[in-house]
1. Give the calculated FRET efficiency between E365 and R212 to the nearest 0.05, with a Förster radius of 51 Å applied to their Cβ-Cβ distance.
2. Give, rounded to the nearest 20 debye, the magnitude of the charge dipole that region 57-152 has about its Cα centre when Lys and Arg contribute +1 at Cβ and Asp and Glu contribute -1 at Cβ.
3. Please give the direction-averaged projected area of the C-alpha convex hull for region 265-370, in square nanometres with one decimal.
4. Counting only heavy atoms of protein chains, what accessible area per residue, in Å², does region 57-152 have with a probe of 1.4 Å?
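The values are calculated or read from the model by the stated rules, or taken from the named source; none is laboratory data. If you're wondering where the values come from, they're calculated on a predicted model, not measured in any experiment. Counting neighbours? That spans all protein chains shown, and the Cβs are built from the backbone with ideal geometry, glycine included. Surface areas here come from the heavy atoms of the whole protein model, side chains and all, with no ligands, DNA or RNA. Shrake-Rupley method; radii C 1.70, N 1.55, O 1.52, S 1.80 Å.
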Amino acid sequence: MAAPETQGAAAGGEEDCEGNHSEAGGVSYEDSKDCILEPLSLPESPGGTTALEGSPSVPCIFCEEHFPMDEQDKLLKHMIIEHKMVIADVKLVADFQRYILYWRKRFTEQPITDFCSVIRINSTAPLEEQDNYFLLCDVLPEDRLLREELQKQRLKEILEQQQQERNDNNFHGICMFCSEEFFGNSLQCLYCEKTFRDKNTLKDHMRKKQHRRINPKNREYDRFYVINYLELGKSWEEVQLEDDRELLDHQEDDWSDWEERPDSAVCLFCEKQAETVEKLCVHMEDAHEFDLLKIKSELGLNFYQQVKLVNFIRRQIHQCRCYGCHVKFKSKAELRTHMEEAKHTSLLPERKTWDQPEYYFPTYENDTLLCTLSDSESDLTAQEQNGNITIISEDTSKLHALKQSSILNQLLLQEGLKN
């Protein structure tokens, strides 16, 4: 699935958010719709192609809306928003138009629940806030057979086109490298350059003799080899021979000086990037008064809960909505100013708001911060790096009394009585 309108929305700096009203303040949290259809991309810019006039169109499965074939993404977005319908692995469908037309007909014959898996979101919320989405995928045998049949049909069409080109005796073409013209089909072996009476004999010859490349000794082809023009006075055979020797000589190349460029993690509230999560946490604490490590410790978050929290915050910031007071703003700059002045960056909503299955899915598909999260208590935190951890030592001034009152003595006594 794809949503061109949302791709790379975080990379553009302070762009306006979708669906904003012109009134001061913002719109209510309940009235706003979450229309993020897939993971966004942090560093990329929005892109898309313009539909060509007169291109064939594809109808929606459920209504009379039509979309051009080269705007397939808009149709998928329409079906998700308006009809809550998701098609899995749509890019692997060989013939998208036939696929849609087939299911459009089938859905008029039987209920959608006979074909689709039902995905319930906000399952822990009250009944009126829950919603169902429908997933159509090749787990359904009928869908799998349809995809396989479309694949076979497309392969058949391609093979027929190739066969037509082979049998086309009216072929006329000019070589892309020179002005020589060619007519009809040739029944000549490319390697040994023998001519045969029919195509089957030629194919058998090429298969048995393994003549599946052009004749390297035919100097007529030399002028078309780009490699012949790389070094003055050397043919492609000499250059290739030198390359082979050089490859053997450098099989033991030393890669010890190779330095892999680290992926940078992006701040939850601004465009600041840091090479390590520790530096990023220090930045968010200093610049935005948001202590991710402290929140993790106080709430006792495991890895998956941290993932859901990060994805929840990413989504709210992308939609220019304050998660502390649920007010939506026109731009990220206004939202950031509001949250810092009102101290709402650390004002998280109730756990049931963000601890939902829908936030398992990343808001940004290349969010490096998600890869650095951990539920290990032994991890080196940014606070430890700064030396801000207060360590209280055990009072050993009365060591003898400590030994006498230790609970270990009682345990040893109990074990002795048992034995």
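1. 0.75
2. In total the dipole reaches around 200 debye.
3. Convex hull of Cα atoms, orientation-averaged projection: 6.2 nm².
4. Spelled out: the 1.4 Å probe surface of region 57-152, per residue, equals 56 Å².
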